[in-house]
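Scroll down for the structure; my scribbles are underneath it.
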Ligand code: NOJ
């Protein structure tokens with residue numbers, strides 16, 4: 001038996017991507033509401049999350065589907081501005097009830113709720129006050145966290161502070177591909193990173209202090225992961241050092257810019273030389289806060305990066321023509337789950353959870369009324385086998401969360417990418433379990449043993 005008996009098999013989603021109801025029941029706007037509504041929004045076909053999967057109204061039906069799939073956990077995020085419309089002031093009781101009801105429904109169905117506090121939908125009211133650039137955001141995030149912890153921690157054990165800080169600052173404020181579509185200077189992006197690290201730390205402390213039951217806390221970063229070109233020591237070392245390199249792909253996108261402060265209580269090698277006096281300095285107290293112990297290393301991993309000598313940084317995720325690719329051209333590189341688990345465990349010395357991994361396919365409803373998605377099954381089987389291998393070699397693994405539960409709004413590319421195990425017809429909101437959902441159900445039931453059938 002290679003996977004622990006209590007291995008967590010889950011699926012994920014995120015508020016803006018699935019909920020819809022963007023202005024209902026007292027919810028305030030987030031930057032994704034504002035910027036997808038803007039005339040110059042670069043999102044494909046000018047799509048928005050106004051309705052998305054209408055999960056806000058259909059959460060009971062959706063939890064029933066989760067139960068049908070036999071998943072052990074559902075990782076979802078809270079829309080900050082649904083709970084606190086301007087991010088800092090009055091609480092919206094209806095918003096809070098929505099999440100409390102969702103948690104109840106999950107618990108009733110035997111599904112572990114996993115809460116992500118911040119999955120990119122910054123309240124517009126906070127953006128208007130400077131967003132991540134304003135140092136007050138740390139206190140605002142602390143208050144928001146406390147409100148959520150008070151409301152949900154009698155039933156919630158698993159907490160994620162920030163989802164992919166690399167992306168919400170990197171694509172949101174550095175390259176401008178995501179809302180609020182900004183291209184800011186390093187000096188400002190560094191300040192925002194500083195505040196995001198402090199917000200993370202303050203949330204961890206708040207959860208630990210006020211949770212009504214023992215908590216498991218992590219964050220869910222991403223970053224460039226590499227696999228060795230062969231099994232030589234030299235190739236392995238090269239892949240490892242590139243995985244933790246500070247600025248090969250832009251520091252803001254790197255693993256080490258975020259995880260070294262959080263797990264090693266220091267900036268990554270090279271940061272000081274690179275930034276000089278622009279590097280944020282933290283007091284001893286702040287370092288303690290940022291490096292508050294976490295229970296595991298969460299990681300969102302989809303593909304191994306290609307060497308920059310072959311391709312530009314922004315295209316590095318994209319495979320070469322002729323290689324196995326997903327529907328959005330990400331290279332299919334299953335070994336990345338083995339190598340990342342190994343590298344992250346060796347460096348940060350905590351168990352590993354894959355907080356996101358999944359495959360976008362060109363799914364549609366076939367003549368027989370079903371959604372056949374053999375590519376997704378093959379993809380997931382290959383990746384999971386590699387994670388299983390890591391476990392077999394003694395790397396402690398906590399769980400695997402497939403992205404995503406159902407098709408949803410894929411940020412800059414709108415609804416073009418379908419990652420779900422559940423197909424969503426956006427005209428009718430009809431859900432159909434894809435073949436992969438039934439396949440995943442069997443994998444879960446066998447605790448991974450059926451991966452070898
Ligand atoms: C990363 C993000 O956390 C999620 O929101 C996104 O949809 C998936 N990965 C796929 O790109």
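Kindly evaluate residue 152 against the criterion of being away from the ligand (no atom under 16 Å from the Cβ), at pLDDT 95 or above and either under 20 Å from residue 244 (Cβ atoms) or crowded, with 19+ Cβ neighbours inside 10 Å (or both).
The answer is yes for residue 152.
Which of the residues that make up region 3-37 are more than 16 Å from the ligand (Cβ to nearest atom), touching a strand residue (DSSP E or B) at 6+ places or on another chain (Cβ under 9 Å) and in a loop (DSSP other than H, G, I, E, B)?
Across region 3-37, the qualifying residues are 3, 4, 6, 7, 22, 28, 29.
Any residue in region 124-133 that is in contact (Cβ under 8 Å) with a residue 40 or more places away in the chain and either under 19 Å from the mean Cα position of the chain (by Cα) or part of a loop (DSSP other than H, G, I, E, B) (or both)?
Of region 124-133, the ones in contact (Cβ under 8 Å) with a residue 40 or more places away in the chain are 124-127, 129, 131-133.
Filter once more, so that each one left must be either under 19 Å from the mean Cα position of the chain (by Cα) or part of a loop (DSSP other than H, G, I, E, B) (or both): 129, 132.
Yes: region 124-133 contains one or more residues that are in contact (Cβ under 8 Å) with a residue 40 or more places away in the chain and either under 19 Å from the mean Cα position of the chain (by Cα) or part of a loop (DSSP other than H, G, I, E, B) (or both).
Just one of the numbered conditions (1) buried (at least 24 other Cβ atoms within 10 Å of the Cβ); (2) without any contact (Cβ under 8 Å) to a residue 60 or more places away in the chain; (3) touching a helix residue (DSSP H, G or I) at 6+ places or on another chain (Cβ under 6 Å); (4) not in a helix (DSSP H, G or I) is not true of residue 395; which one?
Unmet condition: (1).
Would you check which residues across region 342-374 are within 16 Å of the ligand (Cβ to nearest atom), free of Cβ contacts under 8 Å to residues at least 60 places away in the same chain and not in a loop (DSSP other than H, G, I, E, B) and list them?
Of everything in region 342-374, those that are within 16 Å of the ligand (Cβ to nearest atom), free of Cβ contacts under 8 Å to residues at least 60 places away in the same chain and not in a loop (DSSP other than H, G, I, E, B) turn out to be 354, 357, 361.
Got a sec? Which of 416, 442 is under 30 Å from residue 37 (Cα atoms), touching a helix residue (DSSP H, G or I) at 6+ places or on another chain (Cβ under 9 Å) and either modelled with pLDDT of 95 or more or not in a helix (DSSP H, G or I) (or both)?
416
Okay, residues lined up against (1) part of a helix (DSSP H, G or I); (2) in contact (Cβ under 8 Å) with a residue 60 or more places away in the chain; (3) within 24 Å of residue 160 (Cα to Cα):
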residue	(1), (2), (3)
273	yes, no, no
276	yes, no, no
282	no, yes, yes
286	yes, yes, yes
289	yes, yes, yes
294	no, yes, yes
299	no, yes, yes
306	no, no, no
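The values are calculated or read from the model by the stated rules, or taken from the named source; none is laboratory data. What you see is a predicted model; the values in this text were computed from it and never measured. Here Cβ is always computed from backbone atoms with ideal geometry, including for glycine, and neighbour counts include all displayed protein chains.
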